[in-house]
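Let me begin by presenting the structure, written as structure tokens, before commenting on it.
Bear in mind that the values in this text are calculations on the coordinates, not laboratory data. In this text the structure is predicted, and so the values were computed from the model without any measurement. Here the Cβ positions follow ideal geometry from the backbone for every residue, glycine too, while neighbour counts run over all protein chains shown.
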Amino acid sequence: MRYFLQLAYRGTKYHGWQRQPNGISVQEVLESALATVLRQPISIVGSGRTDAGVHAGQQFAHFEFDAPLTGYLIRSLNSLLPPDIAVYECFPVRADDHARFTATSRYYQYQISRRKDPFRDGLVYVFTLPLDVKAMNEAAATLLNHADFESFSKVKTDVKTFNCQIELAYWEEKPTGDLVFHIKANRFLHGMVRAIVGTLLAVGQGRISSSEFEQIILARDRRRAGRAAPAEGLSLMEVGYPEEVFKKRKNE
């Protein structure tokens, strides 16, 4: 029987979502807790592979277990998991529902603080230089006109296509002056959001224009884009699925 888990985590201490040979991952910690509670090895598949240091306000994963599960699972898991990982839901799905491949969208936010903030250390990127937010939004809007984002993908990545359908991409300026970049697409390439943010910050500093930003997209060359923004500002906020995925949850 296949189950979906909904969880959240602060990625500061982890080498990303996926198991790594050189460091501890969220997947590894969660699989260990599941194995302890269910008393057998459990392998999980996540909706996406967040990078080292990246956070998730909502992440989904699926696993197989041949018995009904009750509310005790969530309580038991959260008692074993460290404070920076929390499981919110576990519900049955159809046998062919897949946490990664059934997902229809991913929505990320990138948080920038305009001053040092000890209460959000590790959760925001502190960037105090002047920025032209209007120019950054003009450049961000051009993302919706394109599909191939090879220029914002890590070079060594095993993908068949660099195409992504971006639904929204814009900067929100808070009354405090802090900035939030919102971006949603059907899929994202490895390192894509951080590369986009880093390049848009170059636009905001006047180092490149909005038209030059679009030329970077068209170049399909990672060397043309800016450096990736730091991981600590990035969070996966929402993963979208067809309504049918949640039918069994509603019928419980």
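Do me a favour and compute the ellipsoid semi-axes for the stretch 105-237 from its Cα gyration tensor, root of five times each eigenvalue, largest one first, whole Å.
23, 16, 13
Across the alpha-carbon set of the chain, the Rg to Rh ratio works out to 1.00, Rh being the Kirkwood radius. In whole Å, what is the distance between the alpha-carbon centres of the stretch 70-123 and the stretch 1-59? Comparing the Cα centres of the stretch 70-123 and the stretch 1-59, I get a distance of 9 Å. Between Rg and the Kirkwood Rh of the stretch 2-101, both from Cα atoms, what is the Rg to Rh ratio? Answer for the stretch 2-101: 0.93.
Taken along the Cα-to-beta-carbon direction at a fixed 7 Å, the label points for Ala35 and Val180 span 3.8 nm. Rounded to the nearest 20, the size of the Cβ-charge dipole of the chain about its Cα centre is 380 debye, with Lys and Arg at +1 and Asp and Glu at -1. If one takes the longest principal axis of the Cα atoms in the chain, at what angle in degrees, from 0 to 90 and to the nearest 10, does the Cα axis of helix 210-219 lie? Tilt of helix 210-219: around 60 degrees.
From its DSSP helices (H runs of at least four residues, each -39,500 (n - 2.57)), the chain gives a residue-normalised ellipticity at 222 nm of -7000 deg cm²/dmol.
Using the Cβ-Cβ distance between Arg227 and Thr70 with R0 = 51 Å, the FRET efficiency computed as 1/(1 + (r/R0)^6) comes to roughly 0.60. Of all the options Gly53, Gly71, Gly206, the one that moves most in a Gaussian network model of the chain with Cα springs shorter than 10 angstrom is Gly71. For Ser105, the residues whose amide H sits under 5 Å from its own are Gly240, ignoring neighbours fewer than 5 places away on the same chain, with H placed 1.01 Å from N.
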